[in-house]
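Engineer: One structure follows; several queries about it will come next.
The values are calculated or read from the model by the stated rules, or taken from the named source; none is laboratory data. All values derive from a computational prediction rather than experimental measurement. Every residue, glycine among them, receives a Cβ derived from its backbone with ideal geometry; neighbour counts consider all protein chains shown. SASA here: full protein model, heavy atoms, side chains in, ligands and nucleic acids out. Shrake-Rupley method; radii C 1.70, N 1.55, O 1.52, S 1.80 Å.
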Amino acid sequence: MSSTVYTFGSELTIRNLLAAYRGEMNTQARYRSFAARADAEGLFGLGSLFRAAARAEQIHANTQARAIRHLGGTATAVVEIEPVSNTLDNLREALEGENFEIATVYPEFIAEATSKINAMAARTFRWALEAEKTHARLYGDAISLLQANQRNSWIGERCDFYVCPVCAGTSAQSSDDNCTICNYPAERLEVIR
């Protein structure tokens, strides 16, 4: 077995990929817990949203794991189960996390991977960034509806969400158009309820 020698850029890129992978694995587990809580509160649409977002985070983690392996690393993560609050607080926590990734985490990771000409890692981070934006929009809408006690809207109804299995972009509506992030065929998006 030969040992691989990495440049500093590859080591930093792998560290960033590992950090993203750990974050995505923990977030998907947390979102699954949030989905169960939303369902228990009769907010079935929000349960569906959290399940769709959990699937999206798993897609991100899978893509990041492939990039880690491509660079010669091993994808590992400790998943920590945290206490779950009420659905409104869970939505606020989820939105805060997505906004942090959008504003800070992924732009920094993209810049580093791009500077080291690591196209696979940069693409992985770009897709995650754009998908997190779709989650943030959906969470923002959900918070507004829940604060206005609009339980008779989609937040209280069982509904479908559409998740791209390539980039994890998430939508509340089906579309004939391909994924707006990666152009994956619309008819092949995953339907999550």
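Engineer: Test Ala19 against the stated conditions and say whether it is within 23 Å of Ile192 (Cα to Cα) and of a type in the set (Gly, Ala, Ser).
Structural biologist: no
Engineer: While we're on this one: In the range 40-53, what residues are more than 24 Å from Pro165 (Cα to Cα) and assigned to a helix (DSSP H, G or I)?
Structural biologist: Initially, the range 40-53 is screened for residues more than 24 Å from Pro165 (Cα to Cα), giving 40-43.
Within the range 40-53, Ala40 is the sole residue that qualifies.
Engineer: Restricting to the range 173-190, and then to whatever is among the hydrophobic types (A, V, I, L, M, F, W, C) and without any contact (Cβ under 8 Å) to a residue 40 or more places away in the chain, can you tell me which residue is surrounded by the most Cβ atoms within 10 Å (Cβ to Cβ)?
Structural biologist: If we take residues in the range 173-190 being among the hydrophobic types (A, V, I, L, M, F, W, C) and without any contact (Cβ under 8 Å) to a residue 40 or more places away in the chain, then Cys179 is surrounded by the most Cβ atoms within 10 Å (Cβ to Cβ).
Engineer: Given Ala111, Ala121, which one is under 29 Å from Ile14 (Cα atoms) and free of Cβ contacts under 8 Å to residues at least 24 places away in the same chain?
Structural biologist: Selected residue: Ala111, the only one of Ala111, Ala121 that is under 29 Å from Ile14 (Cα atoms) and free of Cβ contacts under 8 Å to residues at least 24 places away in the same chain.
Engineer: Can I ask one more? Please go through the range 11-49 and pick out each residue that is hydrophobic (A, V, I, L, M, F, W, C) and open to solvent by 10 Å² or more (accessible area, probe 1.4 Å).
Structural biologist: If we filter the range 11-49 for residues that are hydrophobic (A, V, I, L, M, F, W, C), which is where we start, we get 12, 14, 17-20, 25, 29, 34-36, 38, 40, 43-44, 46, 49.
Listed by number, the residues that qualify are Leu12, Ile14, Leu18, Ala19, Met25, Ala29, Ala36, Ala40, Phe44.
Engineer: Regarding the range 54-72, can at least one residue be identified that is closer than 14 Å to Arg15 by Cα, outside any helix (DSSP H, G or I) and open to solvent by 40 Å² or more (accessible area, probe 1.4 Å)?
Structural biologist: yes
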